[in-house]
Amino acid sequence: MVNYQRLTLRERIYIEKYIQLGLSKTEIADKLKRHKSTISREINRWGQKKDYNCALADWCAIDERTKYRSKKILSHTKLRTFVLDHLRLKWSPEQISNKLKKLHPTEPTMQISHESIYTYIYVLARGGMKKELIAYLRQGKAKRYKKRRNEKGSRIVDGLCIDQRDPSVEDRVIPGHWESDLIIGKDRASCIGTIVERTTRFVIMVPLKSKKATEVRKAFARELKKLPQQVRLTMTHDNGLEMAQHKLFSKQTKMIVYFAHPYSSWERGTNENTNGLIRDFFPKDTDFNEVSKHKLKKVQNLLNERPRKVLNWNTPKEAIEQILSA
């Protein structure tokens, strides 16, 4: 059995040189006495032939290995400062990582994976610094857990994918397009529903006895039918089975229901952001069975009557009332 040896920086320098000379992947492999698949995988992973950068490829490869994770952030002050500054602005590690790639596409020392940032926060940081960095994260968990994923994807039957939604919805010009989700309470034993209009950010908080599909369908329909049809066009939900009765829901509300891709919460960004605002009032240890409908609606009103920068300092309530009166 032959032990696999990682490509070295020296070999990557030769790869870049041979690419510039016009050699094929097979020819490069022969010259370096490497398997063709190794060279092909290297070039495909870190850049196509026209833009392969040996230094960038080597840094990225080192950054990916658990053994070396976050060493870059410790040894490069400019990179570390950027990461810390943007964590304090409540940017996620993934947002920071992708922004760095855009700002510094050819500077390997100014690029770092989001996993390395998490490693820096949870493994390398110590004491008060660690607590401070964790507090900047949206979830603020003391430990980081791997998400359990359903490899089969969505279990919703006959659901319309968000890809089928009219592109005009993204522009937020036409009101009446909503995003929805559940907020789960303590020990996953209770929940409430949240429905947010994309243009006005108007939120509806829905009391729920359970997250069973029948209960969710009836409760969501009951709340939305209080609104005129002109602002009831579509609703985009995640892939939870609580919306399994989407066809009946559409029949009752005349709203088309779309489903986001599995594990793609950013596709319902307005709803995710609003859920974060609601968590300020109802933290994760809340038992929603003990929260009255009156209290839910009180929080709903507080959010809808709060000025928003995105609305030019109007409130969601004012924004939707303006639409309804037009």
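Readers should treat all values here as calculations from the given coordinates under stated rules, not as data from a laboratory. Predicted, not measured: the structure shown is a model, and the values here were computed from it. FYI the Cβ positions are ideal-geometry reconstructions off the backbone, even for glycines, and counts take in every protein chain you see.
Side notes on the structure shown:
- Calculated over the range 159-205: convex hull of Cα atoms, volume per residue (Å³): 94 Å³
- Sequence-distant contacts, meaning Cα pairs under 8 Å at least 6 residues apart, place the relative contact order of the chain at 12 percent.
- The calculated P(r) of the range 160-325, using every Cα pair and 10 Å bins from 0, goes 10, 42, 38, 10, 0 in percent.
- Set K31/K78; K131/K209; K130/K284 screened for pairs whose C-alpha atoms are more than 30 Å apart: K31/K78; K131/K209
- Of the residues Y52, S92, Y118, the one whose Cα sits farthest toward the positive end of the charge dipole of the chain, with +1 on the Cβ of Lys and Arg and -1 on the Cβ of Asp and Glu, is Y118.
- Fully extended contour minus Cα-Cα distance, from T8 to K297, at 0.36 nm per residue: 97.9 nm
- Each of N273, A29, L7 was placed along the dipole of the chain (beta-carbon charges, centred on the mean Cα), and the one lying farthest toward the positive end is L7.
- Per residue convex hull volume, Cα atoms of the chain, in Å³: 197 Å³
- Between helix 213-224 and the chain there is an angle of about 70 degrees, using the helix long axis and the longest principal axis of the Cα atoms.
- All aspartates and glutamates inside 20 Å of K226 as judged from Cα atoms, apart from same-chain residues fewer than 8 positions distant: E179, D181, E197, E215, E305, E318, E321
- Computed helical MRE - 222 nm, the chain, DSSP H runs ≥ 4 contributing -39500 (n - 2.57), nearest 500: -12500 deg cm²/dmol
- Sequence-ordered 3J(HN,Hα) estimates for the range 247-259 from the Karplus curve with 6.51, -1.76 and 1.60 and θ = phi - 60° stand at 5, 5, 4, 5, 5, 6, 9, 6, 10, 7, 9, 10, 10 Hz, glycine and proline given as x.
- About the Cα centre, charge dipole magnitude for the chain (Lys/Arg +1, Asp/Glu -1 at Cβ), debye: 880 debye
- Protection proxy ranking of 304-313, 271-280 - average other beta-carbon atoms within 10 Å, highest first: 271-280, 304-313
- Hz values of 3J(HN,Hα) by residue in the range 94-111 - Karplus curve (6.51, -1.76, 1.60), Gly and Pro given as x: 5, 5, 4, 4, 6, 5, 4, 4, 6, 6, 10, x, 10, 10, x, 6, 10, 10
- Relative contact order of the range 160-325: 26 percent, from C-alpha pairs under 8 Å at least 6 residues apart in sequence.
- Net charge contributed by nearby residues that have their C-beta within less than 10 Å of R268 (K/R +1, D/E -1): -4
- Cα long-axis angle, helix 9-20 against the chain (0 to 90 degrees, to the nearest 10): 90 degrees
- Degrees between helix 293-304 axis and first principal axis of the chain (Cα, 0 to 90, nearest 10): 60 degrees
- Here r is the Cβ-Cβ distance between L103 and D280 and R0 is 30 Å; the resulting FRET efficiency, rounded to 0.05, is 0.45.
- Simple rule: put +1 on each Lys or Arg Cβ and -1 on each Asp or Glu Cβ in the chain, find the dipole, and look at G240, C161, F202; the Cα lying farthest toward the positive end is G240.
- Each peptide in 195-203, 183-191 receives the mean, over its residues, of other Cβ atoms within 10 Å, and ordering these scores from highest gives 195-203, 183-191.
- Gain in span if fully extended, D163 to L21, counting 0.36 nm per residue against the direct Cα distance: 46.9 nm
- Sequence-ordered 3J(HN,Hα) estimates for the range 120-125 from the Karplus curve with 6.51, -1.76 and 1.60 and θ = phi - 60° stand at 4, 5, 8, 10, 8, 5 Hz, glycine and proline given as x.
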